[in-house]
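Everything below concerns the one structure shown next.
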Amino acid sequence: MEDAFLKKMKTSLMALKKEILKNLASESEDFRTIIEDMDPKDLADIAADDIDRKTLEALGTQELRRLQLIESALARVENKKYGLCARCSKKIPRERLEAIPYALLCIECKSSEERRNR
């Protein structure tokens with residue numbers, strides 16, 4: 001893969017990482033606020049608070065997974081393995097990497113994985 005493209009993708013990955021860390025910090029603050037604001041309430045309020053907490057936890061888990069994928073992609077950039085499918089070792093199309101900079105699999109392997117998981 002050419003150096004200019006790798007540099008562009010590394011910059012993109014770093015920006016995504018920064019955004020996710022910012023979001024996680026914000027969600028953590030929101031989560032803390034929800035917990036601190038809980039006082040004895042009626043059952044509907046308690047259920048709503050529980051849903052808010054679970055939503056924040058799910059978002060945090062999803063963001064943490066994306067952060068792991070980004071870290072992995074940055075390591076592949078450094079190891080000169082970026083852009084190669086983790087399963088079949090074929091080149092991942094540039095368009096896919098531009099859409100999902102932390103993509104691990106080529107389109108064929110990803111499609112195959114999704115079909116298996118149904």
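The values are calculated or read from the model by the stated rules, or taken from the named source; none is laboratory data. Please read these numbers as outputs of a predicted model, since none were measured by experiment. So basically every Cβ, Gly included, is an ideal-geometry build from the backbone, and we count neighbours across all protein chains shown.
Among the residues of the range 94-113 satisfying the criterion of being surrounded by 10 or more Cβ atoms within 10 Å (Cβ to Cβ) and of a type in the set (D, E), which is nearest to the chain's Cα centre (by Cα)?
E98
How many residues, within the range 84-118, are among the charged types (D, E, K, R), modelled with pLDDT under 95 and assigned to a loop (DSSP other than H, G, I, E, B)?
1
Matching residues to (1) under 30 Å from L84 (Cβ atoms); (2) touching a Phe, Trp or Tyr at 6+ places or on another chain (Cβ under 8 Å); (3) at pLDDT below 70; (4) loosely packed, with under 12 Cβ neighbours inside 10 Å:
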site	(1), (2), (3), (4)
K7	yes, no, no, yes
L16	yes, yes, no, no
E19	yes, no, no, no
A25	no, no, no, yes
D37	no, no, yes, yes
L69	yes, yes, no, no
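Would you mind telling me which numbered condition in (1) of a type in the set (S, T, Y); (2) within 24 Å of E19 (Cα to Cα); (3) free of Cβ contacts under 8 Å to residues at least 40 places away in the same chain Y102 fails?
All conditions pass for Y102, except number (3).
Can you pull out every residue in the range 1-16 that is under 19 Å from L64 (Cβ atoms) and in contact with a Pro (Cβ under 8 Å, 6 or more places away or on another chain)?
L13, L16 - these are the residues of the range 1-16 that are under 19 Å from L64 (Cβ atoms) and in contact with a Pro (Cβ under 8 Å, 6 or more places away or on another chain).
Hey, any hits in the range 74-83 for a residue that's at positive phi, at pLDDT 90 or above, surrounded by 12 or more Cβ atoms within 10 Å (Cβ to Cβ) and not in a helix (DSSP H, G or I)?
Yes - at least one qualifying residue is present in the range 74-83.
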